[in-house]
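The values are calculated or read from the model by the stated rules, or taken from the named source; none is laboratory data. What you see is a predicted model, and the numbers here were worked out from it, not measured in a lab. Neighbour counts are summed over all protein chains in view; Cβ atoms, including those assigned to glycine, are modelled from backbone coordinates with ideal geometry. Just so you know, the surface numbers come from the protein's heavy atoms only, side chains and all, with ligands and any DNA or RNA stripped out. Shrake-Rupley method; radii C 1.70, N 1.55, O 1.52, S 1.80 Å.
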Amino acid sequence: MIPLYWFLVLSAILFCIGLYAVITRRNTIAILMGIELMLNAANINLIAFWRYLYAGSNLDGVIFALIVFAAAAAEVAVGLGLILSAYRSKETIVANDLDTLKG
Amino acid sequence: MTTMQLIFLITAAVTIFAGVMMVSVRKLLHAALWLILVFFGVAVIFGLLEASFLVIIQIVLYIGAIAILIVFAIMLTQNAIDDTYQTSRRWLVTAVVAVIALAGILLALFTWPQGQALTSTLAGGQQDIAAIGLALLDPEGYLIPFEIASILLLAALIGGIYVGIEHKGEEK
């Protein structure tokens with residue numbers, strides 16, 4: 001069988017790739033894609049721990065992952081709406097240029 | 001090396017490669033396509049974990065809805081940013097930060113006091129979709145998180161519409 005830590009290592013690598021995308025990319029849509037990658041990595045972790053340690057007794061892991069899915073969907077819908085709205089009024093989606101709130 | 005392990009290793013390699021391509025390609029649309037490959041890889045990983053319901057949700061929600069939404073947004077904002085400036089100039093520094101973070105996580109993982117759990121095998125019990133449905137609507141189970149998630153989605157719907165519509169006659 002596959003040991004549990006294989007899944008954990010994979011999700012750690014995916015999480016750090018997402019982290020790199022979030023810090024490095026200048027396009028806000030690409031930053032959102034990095035966040036999606038990190039959420040997916042977290043979901044792998046949740047499901048792996050649940051499957052290996054608690055699958056016989058409860059459904060906590062699956063429900064938690066489903067809530068994460070709902071949060072991700074809500075976040076993408078609002079996030080892309082905000083990006084498109086910013087693009088319409090500012091003509092840019094570069095994270096560095098969207099600095100209206102900067103004092 | 002069992003068949004399952006082989007499938008896992010191939011899937012993991014493809015997923016990580018697609019992730020690296022996603023953060024490194026210049027064209028954003030190509031990055032979105034690599035992201036879809038990552039989502040597929042994660043769906044296969046869920047399959048290996050025998051979470052059949054989540055495989056379906058992963059494909060329908062992430063690939064069918066979120067990835068397509070991202071592709072639409074990229075197409076609508078195509079001229080907003082020059083392809084050569086997609087990544088920050090200090091990408092090497094952030095790559096080092098990401099690698100240090102990875103090393104930290106792995107160190108924490110392998111020095112975890114409950115390390116014997118890491119090599120444990122699967123707990124019994126094939127996951128049942130009907131059980132998930134019943135648990136979600138059971139007041140003793142997960143009814144409250146379910147309702148909160150639906151309120152979150154409603155708020156996102158209203159917020160998305162409000163942000164998305166053009167506000168005519170307001171200051172430009």
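Our summary of shape: the Cα atoms of chain A have principal axis extents of 53, 23, 23 Å, ordered from largest down, in whole angstrom. Per-residue mean of foreign Cβ neighbours for A:31-38 is 5 (Cβ atoms of other chains, 10 Å radius). In order along region B:36-44, the phi-based Karplus estimate (6.51 cos²θ - 1.76 cosθ + 1.60, θ = phi - 60°) of 3J(HN,Hα) comes to 4, 5, 4, 4, 4, x, 5, 4, 5 Hz; Gly and Pro are listed as x.
Extent along the principal axes, Cα only, for chain B: 61, 47, 30 Å, with the longest axis given first. Using the Stokes-Einstein relation with a Kirkwood hydrodynamic radius computed over Cα pairs, the translational diffusion coefficient of region B:1-80 at 20 °C and a viscosity of 1.002 mPa s comes to 160 µm²/s. If you plug the beta carbon distance of B:Val20 and B:Asp138 into 1/(1 + (r/R0)^6) with R0 = 45 Å, you get a FRET efficiency near 0.60.
Along region B:9-17 the Karplus relation, 6.51 cos²θ - 1.76 cosθ + 1.60 evaluated at θ = phi - 60°, assigns HN-Hα couplings of 5, 5, 4, 5, 4, 4, 5, 5, 4 Hz to successive residues, with x for each Gly and Pro.
Measuring with a 1.4 angstrom probe and ignoring ligands and nucleic acids, A:Asp97 comes out at about 80 Å² accessible. Taking amide H as placed 1.01 Å from N in the peptide plane, the amide H of A:Asn58 sits under 5 Å from none that are at least 5 places away or on another chain. Once the 1.4 Å probe is applied to the protein heavy atoms, region B:1-80 comes out at 46 Å² accessible per residue. Surface listing: B:His167, B:His30 arranged by accessible area from highest to lowest gives B:His30, B:His167, probe 1.4 Å. With a Förster radius of 45 Å applied to the C-beta separation of B:Ala13 and A:Tyr54, the computed FRET efficiency comes to 0.95. Approximating the spin labels as points 7 Å out from Cα along Cα→Cβ, the B:Ala131-to-B:Leu6 distance works out to 3.1 nm. Once the Cβ-Cβ distance of B:Leu33 and A:Ala95 is raised to the sixth power relative to R0 = 35 Å, the FRET efficiency obtained is 0.95.
Accessible surface of A:Lys90, taken over heavy atoms with a 1.4 Å probe and every protein chain present, rounds to 100 Å². The gain in end-to-end length when the B:Trp91 to B:Ile161 segment is fully stretched comes to 21.7 nm, 0.36 nm per residue minus the alpha carbon separation.
Gyration tensor over the Cα atoms of the protein assembly as shown: the corresponding equivalent ellipsoid has semi-axes (square roots of 5 times the eigenvalues, largest first) of 34, 24, 15 Å. Between region B:43-112 and region A:25-71, what is the C-alpha centre distance in whole Å? Each part reduced to its Cα centre gives a spacing of 12 Å. With each label modelled as a point 7 angstrom along the Cα→C-beta vector, the B:Val60-B:Ile100 pair spans 4.4 nm. For region B:132-140, 3J(HN,Hα) computed residue by residue from phi via the Karplus equation (6.51, -1.76, 1.60; θ = phi - 60°) reads 5, x, 5, 5, 5, 9, 8, x, 6 Hz, glycine and proline entered as x.
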